[in-house]
Amino acid sequence: MVESTVHATHAVVTLDVALPGIIWGWMITLNMWAKSIGTGVILVGAFLLYRHKKDEMPNLRWTMPLISFIFLNIFLLFTLTDLHQPYRMVNIFLHPHWTSAITVGAWMASLFTALVTVLMVIGYFDAHPNVRKNCALANAARANSSLYEKLFPFVVFLAIPVTLYTAIIMAESSARELWQAPAEVMQMMWAALLAGSAALILVSGKWSAEARKDLALVLAIATFFSFLMYMGEYFFSFKSSEAEATLAYVHAGGAYNTEFWFGMVLGFIVPFFIAVGNMKSDNKTLLRFAAILALVGLYMAKDVWLKIPQMLPLS
């Protein structure tokens, strides 16, 4: 931003200039990665609760909202930090503009986090009936255990727009042809299912083999279609010269070529084959290894996809 003052009229002349370099960096990558985990565990957890009895997954009703709570707060923390002037966030709630995707997303994410917190408290005391029996909070949680079943459908419903609204914000960014709404929406959804299944795999040690096979199935499907989405953009993105120029940063010899393919291999290709194999023979250790690779690779893929459109000069 360049400013100069015309002394005769005291007018301030402002000239907008392009911001060089990457503005949305690792902080936004971590933001989206954490949000994928926070929403994905709810979506995948709902699938498991529909498919299996609670006894087959003894800690799911407690660990699912706990994981979601932790990563949603990481997501919200870095969202707030990235504003540079965090107190402006107050205006989203005091003076909301409902035509803004940021405003709608902030309200949904806050409500989603609040409901997840309630589920976490109820689920904890349900899973630990001997913890502080005389605690008023524990007694209240146990007395309202049916509230869990009543709130859970609303939480699952909210998980979908909360994980998708970032795609709308990215698609609204001017002169960023690689970030198109349809593709970004599907990438966000597959990322949530991938991250959610991977996170739940890490806590599924005491679950039944059938429940873990379903987790492996979700992980295999999510990694396959995530990889398909990225490859479609990588090889067939001829919608504009800008998109082609942007993808040059990941094509052979590009600045982000190595990180991109590491993300594809670690995040999608290797976990896919491990997950498919685990559907036939249950191997907890190998499946957890696939889950860790998927989470690491997903972060790398998101990091590349966020940064490369910002590398292209807009003027």
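The values are calculated or read from the model by the stated rules, or taken from the named source; none is laboratory data. In this text the structure is predicted, and so the values were computed from the model without any measurement. Backbone-built Cβ (ideal geometry, glycine too); neighbour counts: all protein chains shown.
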Would you check if MET1 is modelled with pLDDT under 85, among the hydrophobic types (A, V, I, L, M, F, W, C) and within 20 Å of ALA195 (Cβ to Cβ)?
-> no
Is the range 210-227 home to any residue that is more than 22 Å from GLY267 (Cβ to Cβ) and modelled with pLDDT of 85 or more?
-> yes
Checked TYR234, TYR256, TYR230, TYR249 against criteria (modelled with pLDDT under 90, closer than 23 Å to VAL44 by Cβ and either of a type in the set (Ser, Thr, Tyr) or out of contact with any helix residue (DSSP H, G or I) (no Cβ under 6 Å at 6 or more places or on another chain) (or both)); the one match is TYR230
In the range 50-65, which residues are over 22 Å from LEU164 (Cβ atoms) and buried (at least 19 other Cβ atoms within 10 Å of the Cβ)?
-> MET57, LEU60, ARG61, TRP62, THR63
Subset of the range 44-62 [touching a residue at least 40 places away in the same chain (Cβ under 8 Å) and farther than 15 Å from LYS213 by Cα] | ALA46, PRO58, ASN59, LEU60, ARG61, TRP62
If we ask which residues in the range 277-295 are buried (at least 16 other Cβ atoms within 10 Å of the Cβ) and in a helix (DSSP H, G or I), their number turns out to be 8
Within the range 101-113, identify whether any single residue is modelled with pLDDT of 90 or more, assigned to a helix (DSSP H, G or I) and exposed (fewer than 14 other Cβ atoms within 10 Å of the Cβ), and answer yes or no.
-> no
Listed by range, helices (runs of 4 or more DSSP H) wholly within the range 158-261 having at least 1 residues that are free of Cβ contacts under 8 Å to residues at least 60 places away in the same chain, surrounded by fewer than 17 Cβ atoms within 10 Å (Cβ to Cβ) and under 23 Å from the mean Cα position of the chain (by Cα) are 181-201, 209-236
